[in-house]
Amino acid sequence: MPTHTFRELETAAYCPRKLYYRRRDGASEIPDEIESVRRLARDYERLLTDDAALLAAPIEVGPDEYRDRLRGLRERLADWDALVAPAATDAYLEGKDARGIAHKVVAGRDGPVPSLVFAGRPPEDGVWEPQTVRLVAAAKALSWERERDIDIVYAEYPAYGVIRRIDVNARRAGVYRRAVRTADSIDGPPGRVRNDARCKPCEFSDDCGVQTRSLRSMLR
């Protein structure tokens with residue numbers, strides 16, 4: 001069984017039917033606006049001091065709040081220096097079950113740690129479940145390559161000035177394994193998901209045929 005990409009496993013956790021359509025249509029290019037947000041993760045120190053760079057940056061909070069958040073991270077994160085000056089960027093990793101790009105591999109205090117950069121909004125705590133799958137996939141792939149346990153991974157949301165240290169615990173590993181099984185099992189279009197807000201922004205919604213209904217319409 002060939003390995004899955006990190007993105008495929010993330011999509012399997014989000015919507016198996018979406019993964020089917022992505023496989024059918026082939027890989028799509030990453031939009032420029034996502035790349036521009038990801039680049040912020042390499043410029044934290046500059047954004048702390050360069051007013052012009054900060055004002056031009058695609059951030060989603062006010063400049064003062066953004067800098068307050070970065071200062072808090074610098075004081076709180078033991079691996080801050082490693083995150084702003086990673087040992088490798090856009091590193092290709094290939095493990096037993098998954099392969100893909102780690103946006104950073106940092107030389108953490110306890111060994112190498114992958115970090116993935118997300119362009120969207122973080123949840124109040126932790127990370128979104130599909131992102132959990134992608135993060136665990138990166139940690140396990142790096143673990144496979146380095147032949148050592150990788151028990152943590154970083155999730156960066158640079159548009160919001162948020163970085164979270166995520167433990168690769170039993171629950172998250174279970175979510176990852178479930179996504180691997182889902183990706184393994186897809187050989188035709190899975191069942192449709194109904195009444196789910198995830199369908200609205202999906203690029204395949206027209207082909208999929210999912211019909212979402214408002215709460216008001218369902219109460220009639």
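No lab work stands behind these numbers, since they all come straight from the coordinates. On a predicted model such as this, the values are computed, not experimentally measured, just so you know. Here Cβ is always computed from backbone atoms with ideal geometry, including for glycine, and neighbour counts include all displayed protein chains.
Computed quantities for the displayed model
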{"item": "Spacing of the two label points (7 Å from each Cα toward its C-beta) at Arg69 and Asp43, in nm", "result": "1.6 nm"}
{"item": "Residue with peak Gaussian network fluctuation, the chain [Cα springs, cutoff 10 Å], from Arg38, Arg164, Arg146", "result": "Arg146"}
{"item": "Rounded to 5, the percent of DSSP beta bridges in segment 4-188 classed as antiparallel", "result": "75 percent"}
{"item": "Residue exposure sequence - Leu93, Leu54 - by fewest surrounding Cβ within 10 Å", "result": "Leu54, Leu93"}
{"item": "Rounded FRET efficiency, nearest 0.05, which uses the C-beta distance separating Glu29 from Asp81 and R0 of 35 Å", "result": "0.60"}
{"item": "Over the chain: helical MRE at 222 nm, DSSP H runs n ≥ 4 each giving -39500 (n - 2.57), nearest 500", "result": "-13000 deg cm²/dmol"}
{"item": "Dmax and Rg, reported as Rg then Dmax, of the chain (C-alpha, Å)", "result": "18.6, 58"}
{"item": "Highest-fluctuation residue, Gly161, Gly126, Gly188 considered, GNM on the chain with Cα pairs under 10 Å", "result": "Gly188"}
{"item": "Difference of contour (0.36 nm per residue) and Cα-Cα distance, Ala52 to Ile101", "result": "14.6 nm"}
{"item": "Length-normalised contact order for the chain - Cα pairs under 8 Å, 6+ apart - percent", "result": "25 percent"}
{"item": "Relative contact order of segment 1-127, defined on C-alpha pairs under 8 angstrom at six or more residues apart (%)", "result": "24 percent"}
{"item": "Full-stretch length increase - Asn169, Arg148 - with 0.36 nm per residue and alpha-carbon distance subtracted", "result": "6.0 nm"}
{"item": "Global geometry of segment 59-139, whether rounded, prolate or oblate, following the gyration tensor of its Cα atoms and the 1.5 cut on a/c", "result": "oblate"}
{"item": "Within a Gaussian network of the chain (alpha carbon springs, distance under 10 Å), most fluctuating of Ile101, Ile34, Ile166", "result": "Ile34"}
{"item": "Cross-link partners of Lys96 among aspartates and glutamates (Cα-Cα below 12 Å; sequence separation of 8 or more within a chain)", "result": "Glu145, Glu147"}
